[in-house]
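Report on the following structure.
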Amino acid sequence: MSRVLVTGSAGRLGRSVVTTLAAAGHEVIGVDRTPGTPSEAAVALPADLTDTGETFEVIARFRPETVIHLAAIATPFSLPESVIFKVNTQLAFNVCEASVALGVRGVVVASSPTVIGYGAPGGWAPAYLPIDEDHPVRPWNAYNLSKVVAEQTMKAFALAGTARMAAIRPCFVIPPEEWAGAPTQSGHTVRERLDRPEIGGVSLFNYIDARDCADMIAVLAEALPELPNGEVFFAGAADALARKPLADLLPQVVPGTEPFAAGLTGTTPAFSITKAERLLGWQPKRSWRTELKEAV
Ligand SMILES: NC(=O)c1ccc[n+]([C@@H]2O[C@H](COP(=O)([O-])OP(=O)(O)OC[C@H]3O[C@@H](n4cnc5c(N)ncnc54)[C@H](O)[C@@H]3O)[C@@H](O)[C@H]2O)c1
């Protein structure tokens, strides 16, 4: 049993992370600008973590062993670009700085696969497929640039202190209510994303069940002392959110993928989770085929 502080605990991913960690016997402190409905967190606390003083205060008060940093403006272009950049980079800096200064042992920071740069209006093509953690990053908007900065911030504090740190790049997160028909982060239902490939195609049909992502975060947090410090991991489903093989679909909806898509046969996704499987022994348990039963 350990004490874990989760930032962004009321969010789409945060709720599953709180539930998963609490079920595993951890004492969970949830912190969010808008804590929302009561969850399974031992404490759900309102705080604006862009404020350095509030961030130090909340970590000093609870002295967690581990901090899972999920708080962010999570939807690209949902606010002015300057606001998204400022908020997300300030959040990552404050949480990493306060964690290291206050002796937190392990920190996991949420980044995003968008750092790869897909969807750029000026054109984008992968260097290879499937994309792994060695693929070059090519940020082109405030959101994915802020996530590159968040990763670098995590790496800088990993070098500067004694905390063990890592970042994850969760694919498009789908919590239980969205399998049941609630709108996803893009405003479309999961079924619409499957039926209209042009929607999910922009992000190369990536996705992950929120509970699988929470499991991955829990395993990663436990493994931090044994891992090289400052690692980055993709967290994705074992398949693509698509009805056809990406070898057929990707070249139709994402120009530039033609030379590399042929290997994505069957249900193979565009993002590799081999690193998480190899270093963490983690594998996703859920797929749209198991969760969206009536749609297949
Ligand atoms: N949802 C996805 O598909 C996805 C994909 C890749 C990465 N991510 C990243 O994962 C993390 C969680 O995403 P999510 O989908 O749960 O997002 P979400 O928007 O559902 O939740 C984010 C939470 O952060 C909180 N927050 C924002 N600003 C804050 C502040 N100043 N202080 C305290 N709390 C603040 C919000 O109130 C919200 O509850 C984010 O960092 C996001 O960028 C999400």
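The values are calculated or read from the model by the stated rules, or taken from the named source; none is laboratory data. The structure presented is a predicted model; accordingly, all values stated were derived computationally and were not measured. Because the Cβ atoms are built from the backbone with ideal geometry, glycine has one as well, and the counts that use them run over all protein chains shown.
A few remarks follow.
- Flag not set for residue 239, criterion: more than 16 Å from the chain's Cα centre (by Cα), acidic (Asp, Glu), surrounded by fewer than 22 Cβ atoms within 10 Å (Cβ to Cβ) and farther than 25 Å from residue 277 by Cβ.
- When each of 128, 118 is tested for being within 15 Å of the ligand (Cβ to nearest atom) and either assigned to a strand (DSSP E or B) or touching a residue at least 40 places away in the same chain (Cβ under 8 Å) (or both), the lone residue that passes is 118.
- Any hit, the stretch 154-169, residues being at pLDDT 95 or above and in contact with a Cys (Cβ under 7 Å, 6 or more places away or on another chain): yes
- Here residue 133 clears all of (1) within 16 Å of the ligand (Cβ to nearest atom); (2) of a type in the set (D, E, K, R); (3) under 18 Å from residue 165 (Cα atoms); (4) out of contact with any Lys or Arg (no Cβ under 6 Å at 6 or more places or on another chain) except the condition numbered (4).
- Consider the stretch 160-191 and keep the residues that are among the β-branched types (Val, Ile, Thr) and surrounded by 17 or more Cβ atoms within 10 Å (Cβ to Cβ). The one that is nearest to residue 206 (Cα to Cα) is 173.
- Residue pairs meeting the criteria (Cβ under 7 Å; at least 6 apart or on separate chains; first more than 17 Å from residue 184 (Cβ to Cβ), in the stretch 283-294; second outside any loop (DSSP other than H, G, I, E, B)): 283/277; 284/208; 284/209; 284/212; 285/212
- In the stretch 7-47, the qualifying residues are those that are near the ligand (Cβ under 9 Å from one of its atoms) and part of a helix (DSSP H, G or I), and the one that is surrounded by the most Cβ atoms within 10 Å (Cβ to Cβ) is 17.
- Scanning the stretch 151-171 for residues that are assigned to a helix (DSSP H, G or I) and under 15 Å from residue 70 (Cα atoms) turns up 151, 153, 154.
- Scanning the stretch 172-204 for residues that are within 21 Å of residue 16 (Cβ to Cβ), out of contact with any strand residue (DSSP E or B) (no Cβ under 9 Å at 6 or more places or on another chain), part of a loop (DSSP other than H, G, I, E, B) and within 15 Å of the ligand (Cβ to nearest atom) yields 182, 183, 186, 187, 188, 189, 203.
- Residue selection: residue 157 satisfies the criterion of being of a type outside the set (A, V, I, L, M), farther than 16 Å from residue 288 by Cα and surrounded by 21 or more Cβ atoms within 10 Å (Cβ to Cβ).
- Qualifying positions in the stretch 92-115 - within 24 Å of residue 236 (Cα to Cα) and assigned to a helix (DSSP H, G or I): 92, 113, 114, 115
- For the stretch 244-296, filtering for residues that are part of a helix (DSSP H, G or I), more than 26 Å from residue 178 (Cα to Cα) and either polar (S, T, N, Q) or in contact with a Pro (Cβ under 6 Å, 6 or more places away or on another chain) (or both) leaves 3.
- All of 66, 50 fail the test of being within 27 Å of residue 229 (Cα to Cα), within 13 Å of the ligand (Cβ to nearest atom) and among the polar types (S, T, N, Q), apart from 50.
- Which numbered condition residue 229 misses (of (1) touching a residue at least 12 places away in the same chain (Cβ under 8 Å); (2) over 17 Å from the mean Cα position of the chain (by Cα); (3) within 23 Å of residue 177 (Cα to Cα)): (3)
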